[in-house]
1. Which condition number in (1) at pLDDT below 95; (2) assigned to a helix (DSSP H, G or I) is the one that TRP52 fails?
2. Among TRP111, TRP52, which is among the hydrophobic types (A, V, I, L, M, F, W, C) and exposed (fewer than 14 other Cβ atoms within 10 Å of the Cβ)?
3. Given the structure, is ARG67 of a type in the set (Lys, Arg), surrounded by 14 or more Cβ atoms within 10 Å (Cβ to Cβ) and either closer than 30 Å to GLY10 by Cβ or touching a Pro at 6+ places or on another chain (Cβ under 7 Å) (or both)?
4. Taking the residues in segment 114-136 that are within 12 Å of ALA97 (Cβ to Cβ) and polar (S, T, N, Q) as candidates, determine which candidate is surrounded by the most Cβ atoms within 10 Å (Cβ to Cβ).
5. Residue check, PRO46 against (1) exposed (fewer than 13 other Cβ atoms within 10 Å of the Cβ); (2) assigned to a helix (DSSP H, G or I), all met but one. Which one?
6. Kindly indicate which of LEU14, LEU58 is at pLDDT below 95 and surrounded by 13 or more Cβ atoms within 10 Å (Cβ to Cβ).
7. Quick one: in segment 127-138, of everything that is closer than 14 Å to THR110 by Cα and β-branched (Val, Ile, Thr), which residue is modelled with the lowest pLDDT?
8. Please go through segment 117-134 and pick out each residue that is farther than 15 Å from ASP88 by Cα and either of a type outside the set (Lys, Arg) or not assigned by TED's automatic domain parsing to the domain that holds ALA95 (or both).
Amino acid sequence: MPWWAWLVLGAAMLGFEVAISTEFWLALVGAAAMTLGLLLTFGFEPPAAVQWIAFAALAVGYNIFFRRKLHEKLGGNVPGLAPELVGDSGTALEAIAPGATGPVELRGSTWRARNTGDVAIAARATVQVVGKDGILLEVRG
């Protein structure tokens, strides 16, 4: 593939990242394509298979070594439930006994939540997210 095609592919990936935010996955794949395109401008043009292998290696390497740092610097905390939902308030959609699970509405979505408190939570009562266990929220009334 010619050097300019790698630059076009990289620019397209960066454009897709802007359009459909993939938390910097596509941005770093685009950076890998642009890096390869820039390297090919020096006149060395290996076979297509070698170029694709180099592109894949660059894309994987960039995502492994730079994605987390880039996301933290430009996008805040790395995605996950803990930093985003712990401390938020929601509404119990059903009564939830201590230690039991039930549906909780939070940020316009319904979540499964476990009552970690000692007191039952009434239906339509406000709950506080105190932790998480996978995708199960831990709440108290």
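The values are calculated or read from the model by the stated rules, or taken from the named source; none is laboratory data. None of these values were measured; they are calculated from a predicted model. Glycine gets a Cβ as well: all are built from the backbone with ideal geometry, and neighbour counts include every protein chain shown.
1. Among (1) at pLDDT below 95; (2) assigned to a helix (DSSP H, G or I), the lone unmet condition for TRP52 is (1).
2. Working: TRP111 fails: exposed (fewer than 14 other Cβ atoms within 10 Å of the Cβ).
It is TRP52.
3. Values: of a type in the set (Lys, Arg): yes; surrounded by 14 or more Cβ atoms within 10 Å (Cβ to Cβ): yes; either closer than 30 Å to GLY10 by Cβ or touching a Pro at 6+ places or on another chain (Cβ under 7 Å) (or both): yes.
Criteria met by ARG67.
4. Ranking the candidates gives ASN115 first.
5. With respect to (1) exposed (fewer than 13 other Cβ atoms within 10 Å of the Cβ); (2) assigned to a helix (DSSP H, G or I), PRO46 is out only on (2).
6. Values: LEU58 fails: at pLDDT below 95.
The match here is LEU14.
7. Start the filter on segment 127-138 by keeping residues that are closer than 14 Å to THR110 by Cα, which leaves 127, 129, 135-138.
Then drop every residue that is not β-branched (Val, Ile, Thr), which leaves 127, 129, 135.
Working: VAL127: 94, VAL129: 92, ILE135: 81.
So, considering only residues that are closer than 14 Å to THR110 by Cα and β-branched (Val, Ile, Thr), the one modelled with the lowest pLDDT is ILE135.
8. Within segment 117-134, GLY117, ASP118, VAL119, ALA120, ILE121, ALA122, ALA123, ASP133, GLY134 qualify.
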